[in-house]
Structure formats: structure tokens, C-alpha cells
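These notes concern the structure reproduced below.
Quick note: the coordinates plus some simple rules give every number you see, no bench work behind them. Note that this is a predicted model, so its numbers are computed, not measured. In this analysis, Cβ positions are derived from the backbone assuming ideal geometry, glycine residues included, and neighbour counts consider all displayed protein chains.
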Amino acid sequence: MKKTILTGDRPTGKLHLGHYAGSLLNRIKLQEQHNQFIMIADTQALTDNAENPAKIRENVLEVALDYLAIGIDPNKTTIFIQSLIPELAELTMYFLNLVTLARLQRNPTVKSEMAQKGFGADVPAGFLIYPISQAADILAFKADLVPVGEDQLPMIEQANEIVEKFNRFYGPVFKKVKAELSETGRLPGIDGKSKMSKSLDNAIYLSDTAEEIKKKVMDMYTDPGHIHAEDPGKVEGNIVFSYLDAFGADKKELEKIKERYQRGGLGDVALKEKLINILEELINPIRERREILSKNPKAIMSMLETGSEKARSVAKETLSEAKKAMRLNYFSE
Ligand code: TRP
């Protein structure tokens, strides 16, 4: 059975390996069998970048380039821009009535983002409610599956609570959604922090040059107790191994490397060189395709325009259904 997939990214920077392992790889697979929508969440990006619209504008194109370069195919996936679908904003307005302030303040992802950004009580209202707008994104497309990294699980939970309440108040319009998590799980940043992110400045980008990849891997944390190559080293908590686990295709070889590292006799530089080769092999073709595609931004924008029109017609349909259920269909009864 063909399922509907909806997911998205905030255009606050280029996409990185954390996105790749957490969700992009899943999307490349899912587009083959399902009806997939991918949204560039410019409206959501503005919730904590209100003063910087130029940054969001630029990164819409960068994110679209990343999608195409990794193999998201616009003939199979509808790629669109959030702000071009005003129906999402309207649906958000109705959903706002179904969620309490206390519930929003309990959202663990929002909580940790607020702490990281130091917002406190001065959090922009739009930022605090973004999980509600994200529920509107998901539900407007009646998505079955949402391929995201695990940090987005609270958003799915929030969306499902809205489904329950909306349907209870107004009738059965929406259905519950499921997160599609990657096998790799969350990829740590190169500094060992739990999440790779642009704002933490600890990411390897899908567009990084060979030199940048090399430098970032050489800077990675390993086992601080592993000083000489002969010393036995730790694999758990060793960032280089987290990356090898995520991106090293040859699992048998990786097991051998782990054994040797733990026994002693494998130096950090040699270990890191293996990772550099693996990452360069992965990123090189992406970087090359990106180069070529970036020469024709007009073609990308036109693809986004077409995708957004298609996405809008779906969201319109759902909104009118929702409004009918809410008795807001004044002239079409
Ligand atoms: N919050 C997501 C992120 O930070 C982006 C996003 C917006 C999204 N709307 C969505 C993801 C809907 C999945 C479904 O990357």
C-alpha cells in the first residue's frame, strides 16, 4: 500500500551528516514506493530568526540543492516551501486552541532548544508554538509516516494529541502518524556533543570540501586515555567509532578494527584516516552533483514552485475538510 510521507527541514544552514544519517537516507528509499512530500520549513525557521530573513532566503536554495544532490528526485518526491502554503498557517490557528501553554512548555525538544538559545521567558511566541505549526504541516498532508531524527519524536507525539482532540471535538478528520526513525540513530557532533548542529558549530556538511572533512575528522574526540598507538583504546563513547558505525559499509572489517583498537596497536591518526576515506567517498559524488546543480538556481526555484503548487492543492483539500467539520463552511453547506 502506498503511504503518504511528509517531512521537512528548517533552512537555517546547509544539511549535514546528522541530517543524512537521521532522515535523508530514509527519504531516498521511501520515495521509491510512497507518495513523499518534503517541505523546506522557512516559516518555522523564522520563529527564531525573525531578524535575519536573508539567511533563511539563501538557505532555501542551499537545502534544495542538498536534497537534489543526495538523490531526492523531484519526479518522485514533491519538494515545496512552507510559506507558499498559507493553508498551513490557517490550520495552525485552529490547532492552537487544542493545546495548552503548559503542554508547550513541557515539550522536551523545545525545552532544550530554548535552553541552548537562552530564551527563558522571552521566548518568541512563534517559537514556543512551532510544534503546533509542525502538527499542521504533518496533518495537512494526512501523512502516515514522518521520517525524522529522534529529536523530533516529541513533535509527532504533539501532532497525535492534536489528532485526538480535533477528532473528538469536530469529528474524524485526521489520523495518527508514525515517526520513521533511522537505524543509525542520532549522530553526535564532531566535538562529542549529543547532536550535530549548525548552531553548535560541530557539523560535517554534505557540501564540505575534502580539506574540511579531513580537518574536522582530525579534530574529533576519541578516547582521551588512548595516548600511544600501542595503548588499548575505548570504542564506546569514541566519536570516530560512532561515525564508522554510521557510515562504514563493511561491518566485518569494522569489527576487526574495533578489536585491534581495544587490544592496542591502532593509532588515532590511522583510525581517523579510515574515516576520512569513507566520508570522502560518500560526500565526493554529492559535492560534485551539487556543484553542477548550483550553476542553475533558476531551475531549482522553478522545481520548488511546481512542487509548492502541487503541495498547496493537497493542503487546501484538507483545510476545507477541517473547516467543514468545525462548522466554518458558511457558504457551502
Ligand atoms: N522541525 C523540523 C527540523 O527542525 C523541521 C520540520 C518542520 C518538520 N515541519 C516539519 C519535520 C514537519 C517533519 C515534519 O528539522
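The table for this structure:
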| read-out | value |
| --- | --- |
| Relative contact order (%) - the chain, alpha-carbon pairs under 8 angstrom, separation at least six | 23 |
| Difference of contour (0.36 nm per residue) and Cα-Cα distance, E255 to E317 | 17.2 nm |
| Length-normalised contact order for region 210-291 - Cα pairs under 8 Å, 6+ apart - percent | 36 |
| Of F166, F37, F80, the one that fluctuates the most in a GNM where the chain has Cα springs shorter than 10 Å | F166 |
| Nearest-0.05 FRET efficiency for K3 and K111, computed from C-beta distance (R0 30 Å) | 0.45 |
| Global form of region 68-198, assessed from the alpha-carbon gyration tensor, a/c cut-off 1.5 | oblate |
| Percent of Cα-Cα distances greater than 20 Å, calculated over region 149-243 | 57 |
| Values of log10 I(q)/I(0), in the order q = 0.07, 0.11, 0.13 Å⁻¹, for the chain under a Debye, Cα-only, solvent-free model | -0.32, -0.76, -1.01 |
| log10 of Debye I(q)/I(0), alpha-carbon scatterers only, for region 210-291 at 0.12, 0.16 Å⁻¹ | -0.34, -0.59 |
| CD proxy at 222 nm, helix term only [per DSSP H run n ≥ 4: -39500 (n - 2.57); per residue of the chain; nearest 500] | -16500 deg cm²/dmol |
| Candidates L254, L304, L30, ranked by Gaussian network fluctuation over the chain, Cα under 10 Å, top entry | L254 |
| FRET efficiency, 1/(1 + (r/R0)^6) with R0 45 Å, evaluated for H228 and K175 via beta carbons | 0.15 |
| Rough spin-label spacing in nm, given labels placed 7 Å along Cα→Cβ, for A270 and E161 | 5.3 |
| Unit Cα scatterers, Debye sum, region 1-86: log10 I(q)/I(0) for q = 0.15, 0.24, 0.25 Å⁻¹ | -0.53, -1.20, -1.27 |
| Using a Förster distance of 45 Å, the FRET efficiency for A121-Q262 (Cβ separation, nearest 0.05) | 0.40 |
| Cα radius of gyration and Dmax for region 236-276 (Å) | 9.3, 23 |
